[in-house]
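The values are calculated or read from the model by the stated rules, or taken from the named source; none is laboratory data. Predicted model only: the values in this text are computed from it and were never measured. Virtual Cβ from ideal backbone geometry, glycine too; neighbours counted across all protein chains shown. All accessible areas refer to the heavy atoms of the entire protein, side chains included, with ligands and DNA or RNA removed. Shrake-Rupley method; radii C 1.70, N 1.55, O 1.52, S 1.80 Å.
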Amino acid sequence: MSSGRGLLALFLVVTILPALALVALGVRLMEQEWIVAGQRRRQSLEHAADLAVRVLEQELASLRRKVAAEHWDDLPLPGDSAVLIIRGQSVSAFPAGRLPFLPSTPPLEEIPEGAFAEAESFEFAKQDLTEALRRYSGMAASRSPGIRAGALLREARVLRKLGRGTEALAANQRLAEVRGIALSGMPVDLLARRSRCAILADLSRRAELADEAQGIRQDLRAGRWALDQASYERVTEQLQAWLGAVVAPGPEQAALAGAASWLHRRWTTTPAGEFPSEGTQVLREVFVLWHSQGDSVNALLAGPAFVERHVMRPAAAAVHPIRLGVGVKRPPEGIRVQRSATESGLPWNLAFAPDPNEPLQDPARNQLLLAGFGLLLLLITAGSYLAWRAVSRELAVARLQSDFVAAVSHEFRTPLTTLAHLNDLLGGSNEPPTEKRRGYYEAQARATSRLRGLVETLLDFGRMEAGCQPYRFEPLDAGVFARYVCESFDAEVSERGFAVEYRACESDLPVMADPEALERALWNLLDNAAKYSGESRRIVVEARASGGQAVIQVIDSGLGIVPEDQPRIFEKFTRGEAAREHGIKGTGIGLTMVRHIAEAHGGEVTVSSVKGHGSTFAIVMPLKR
Ligand code: ADP
């Protein structure tokens, strides 16, 4: 038992340990594979980052050339971009309306205020509005746009004072047609249209007021007037009041105007000659690229759509399918590679992420690896199973063998004890009477023959197992032979109350057989029938032909054999449940020998049995007609 446990431990050590080691190795290998895949991925991201930086540098160089050479037609300008041009004091921008206001407005011709001193004295000092109106009307016909604008402005004012709103509106209408003249920097046409709105508001002519205000709003959007921030805000505030709706530039426009102001401020505050001739900057998502020479600056103000379409897209295409992100400050988890603005010299922080559809590891490689490990594990498991089976079989045989040795010793001990006892009786000082002595001698002969039988059985078994049992076949009639064995057996057991009946179903059953071996086989079956007979004392032997075979059956009505035992009882040293349960002595080699003999005759031995009802053993061998 302890050797069994030792064997089990050894088995576990040689099978489970390598399996565990293999699993650990597999996990480790997968981990390394993972790390290598990560490194490969990072490397490819680094390459992509370098490539993207190069492409972006080329794109920026090309933009810089266009801005420096003023090749505006080659410059695509989507809705969120504009060009700002500074020439000394003058600042302009295009396309019109892109910038809601300019950092500084071009100076317009101002109304010559002095020309109206005399006429104004009637309006204010003398309070003679009619005379003032007459004089202003006269001056409004002037060919000088400045005088005309100043006169119309005043005419409209006086008409309003006189309560002649409609005429005041007409005067303002005429004034709205004068271009290029300003009053305190505010274009007079814009002033005239604002006045018209104010008069229409006074007159409660709401629909016309809405039209007029809407018109101003549209022109403001279209960039009709170059306004500075203060003027723009003043106008939009009033429009807001008249329209009852928010009038403000969109966030893109506001960002563009902010970027323009930033550049202009930098230009005006930098000492002459120190302003960098070229530069880039990103302000509230507006990318500013400028070129300056002497007292002029050309600048591209590009919003996110411009940057995306005309700068990033070529770089993203070059690194596809790796993803390129702009302005990513804190990259999300996972493998990412960054190029900060300081590192690359570009105005953006860039981040590169792997293609989300790309599998993390080479699937074919993974599959191969997994398949390899799977196969190895399978091999180990199958090997372990086979080894386990072999080991347990060996253990079972060892156990059977030791049972066998015990059983054989027991079988020997009984006749030996009898012999020893008889020897004592015969060799004792009191010689037994002749009658008794004969009985003793007969008992001695029986014990000796039993011992011889046992020894012969063991020797035969040994030879059969070794495959060197000699057989001498001769033609004989199986029926006649079975009857002879049956009668001999009956003579042996009839004393114990057994009745062995022979039933011949066929008159003629010629076979080639070794009579000695066949007798041993039949005797074994009959012996078992008697041994495992239980209460029953009837044994039947039947010989017949079936399908070209001679069949000799030994039928008992004894203990029977459970179904699980039936296939096993022919194996050497195997004893059945009946033998164990009823403590019937035996060695477990009888049926093994019967099978050997039947097979040597080109036949077989079969069993059919029902526990508690008896068994039928049959030796089947080919008929030789
Ligand atoms: P042994 O009889 O010495 O045990 P055998 O090889 O002759 O060995 O038989 C093997 C087992 O088969 C027996 O232990 C017994 O359990 C069972 N067996 C054989 N013949 C019979 C029978 N006629 N009736 C019931 N059981 C039988």
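Per the Kirkwood definition applied to all pairs of different Cα atoms, how many angstroms is the hydrodynamic radius of region 109-248?
Numbers: mean 1/r = 0.0647 Å⁻¹.
With all distinct Cα pairs of region 109-248 included, I get 15.5 Å.
Report the net charge of residues surrounding V67, where surrounding means a beta-carbon distance below 14 angstrom and charges are Lys +1, Arg +1, Asp -1, Glu -1.
Residues near V67 contribute -2 overall.
Under a 1.4 Å probe, what is the accessible area of region 368-460 per residue, stated in Å²?
Details: 6510 Å² over 93 residues.
Dividing the accessible area of region 368-460 by its residue count gives 70 Å².
State the antiparallel share, in %, of DSSP beta bridges confined to the chain, rounding to the nearest 5.
Given both bridge residues lie in the chain, the antiparallel proportion sits at roughly 85 percent.
Rg over Rh of region 371-489, using C-alpha atoms and the Kirkwood radius, what does it come to?
1.28
Below 8 Å between Cα atoms, with a sequence gap of 6+, how large is the relative contact order for the chain in percent?
Computed value for the chain: 11 percent relative contact order.
Relative to the longest principal axis of the chain, what angle (0 to 90°, nearest 10) does the C-alpha long axis of helix 590-600 take?
Around 90 degrees separate the two axes.
How big is the Kirkwood radius of region 251-309, worked out from every pair of different alpha carbons and given in Å to one decimal? List each step's numbers first, then the result.
Numbers: mean 1/r = 0.0848 Å⁻¹.
Kirkwood radius, region 251-309: 11.8 Å.
Taking the Cα centre of the chain as origin and charging only Cβ (+1 Lys, Arg; -1 Asp, Glu), how large is the dipole, in debye to the nearest 20?
So the dipole magnitude of the chain works out to roughly 1660 debye.
How would you classify region 27-82 from its alpha-carbon gyration tensor, with a ≥ b ≥ c the square roots of the eigenvalues: rounded for a/c under 1.5, else prolate if a/b is greater than b/c, otherwise oblate?
Taking the square roots of the gyration eigenvalues as a ≥ b ≥ c, region 27-82 is prolate.
Could you work out the helix-only [θ] at 222 nm for the chain, with each DSSP H run of four or more residues adding -39,500 (n - 2.57) and the total divided by the number of residues, to the nearest 500 deg cm²/dmol? All intermediate terms of the calculation are to be shown ahead of the outcome.
Numbers: 17 runs with 337 residues, N = 625.
Only helices count here, giving -18500 deg cm²/dmol.
Taking N as the number of residues in region 425-474, what is its alpha-carbon radius of gyration divided by 2.2 N^0.38 Å?
Against the compact-globule rule of thumb, the ratio is 1.87.
Each residue of region 603-617 in turn: what ³J(HN,Hα) in whole Hz from Karplus with 6.51, -1.76, 1.60 and θ = phi - 60°, glycine and Pro shown as x?
With the stated coefficients, region 603-617 comes to x, 7, 10, 10, 9, 9, 7, 10, 4, x, 10, x, 10, 10, 9 Hz.
What is the angle, in °, between the Cα long axis of helix 363-427 and the longest principal axis of the Cα atoms in the chain? Nearest 10 is fine, range 0 to 90.
Roughly 20 degrees between the two axes.
Scaled to the compact-protein estimate 2.2 N^0.38 Å, what is the alpha-carbon radius of gyration of region 556-615, rounded to two decimal places?
Its radius of gyration relative to the 2.2 N^0.38 Å reference: 1.12.
May I ask you to list the GluC sites (Glu not before Pro) in region 527-625 that are in a DSSP loop and have at most 15 other Cβ atoms within 10 Å of their Cβ?
In loop regions of region 527-625 (DSSP not H, G, I, E or B), the sparsely surrounded GluC sites (Glu not before Pro) are E535, E564, E571.
What is the mean projected area of the alpha carbon convex hull for the chain, to one decimal in square nanometres? Could the numbers behind the result be given before it?
Details: hull surface 250.2 nm².
With the hull built on Cα positions only, its mean projection is 62.6 nm².
Can you give the angle from 0 to 90° between the axis of helix 165-175 and the longest principal axis of the chain, with both taken from C-alpha atoms, to the nearest 10?
80 degrees
Which value, to two decimals, describes the C-alpha radius of gyration of region 438-499 once divided by 2.2 N^0.38 Å?
Normalised Rg, Cα atoms only: 1.50.
Over region 109-248, with every protein chain in place, what whole percent of the accessible area is carbon and sulfur at 1.4 Å, could you tell me?
On the way: 3360 of 6880 Å².
C and S fraction of accessible area: 49 percent.
Using a 1.4 Å probe over the heavy atoms of the protein chains, calculate the carbon and sulfur portion of the accessible area of region 392-497 as a whole percent.
54 percent
Return the Cα extents of region 117-177 along principal axes one, two and three, sorted largest first, each rounded to a whole Å.
For region 117-177, the Cα spread along each principal axis is 31, 24, 12 Å.
Can you give the convex hull volume per residue for the Cα atoms of region 270-421, as a whole number of Å³?
183 Å³
Per residue, how large is the accessible surface of region 109-248? Use a 1.4 angstrom probe and give square angstrom.
About 49 Å² of surface per residue is accessible.
Give the shape of region 454-590 as rounded, prolate or oblate, defined through the alpha-carbon gyration tensor: a ≥ b ≥ c are the square roots of its eigenvalues, a/c under 1.5 means rounded, and otherwise the shape is prolate if a/b is larger than b/c and oblate if not. Don't skip to the end; give the middle numbers.
On the way: a/c = 1.63, a/b = 1.15, b/c = 1.42.
Because a/c hits 1.5 or more and a/b fails to exceed b/c, region 454-590 counts as oblate.
Positive end of the dipole of the chain, charges at C-beta (+1 Lys, Arg; -1 Asp, Glu), about the Cα centre: which of Q218, A478, S608 has its Cα farthest in that direction?
Result: Q218.
Would you mind counting up the charge near P103? Only other residues with Cβ under 15 Å from its Cβ, with Lys and Arg at +1 and Asp and Glu at -1.
It works out to a net charge of +2.
Provide the net charge surrounding F275, with neighbours chosen by a C-beta distance below 11 Å and charges set as Lys +1, Arg +1, Asp -1, Glu -1.
-2
Counting only heavy atoms of the protein chains, get the accessible area per residue of region 1-97 (1.4 Å probe) and round it to a whole Å² value.
That works out to 59 Å² per residue.
Assign one of three labels to region 83-148, namely rounded, prolate or oblate, based on the Cα gyration tensor with a ≥ b ≥ c the square roots of its eigenvalues; rounded applies when a/c is under 1.5, prolate when it is not and a/b is larger than b/c, and oblate otherwise.
prolate
What is the set of long-range amide H partners of A550 at a cut-off below 5 Å, with H atoms built 1.01 Å from backbone N?
M621, L623
Quick check: convex hull over the Cα atoms of region 381-445, volume per residue in Å³, rounded to an integer?
65 Å³
Rg and Dmax of region 172-295, using alpha carbons, in Å: what are they?
Cα-based Rg and Dmax for region 172-295 come out at 18.3, 57 Å.
Given S344, A317, A61, which one lies farthest toward the positive end of the charge dipole of the chain, if we put +1 on the Cβ of every Lys and Arg and -1 on the Cβ of every Asp and Glu?
Selected residue: A61.
Considering the dipole of region 260-418 built from charges on the beta carbon (Lys and Arg +1, Asp and Glu -1) around the Cα centre, which of A382, A396, S409 is farthest to its positive end?
So the residue we want is S409.
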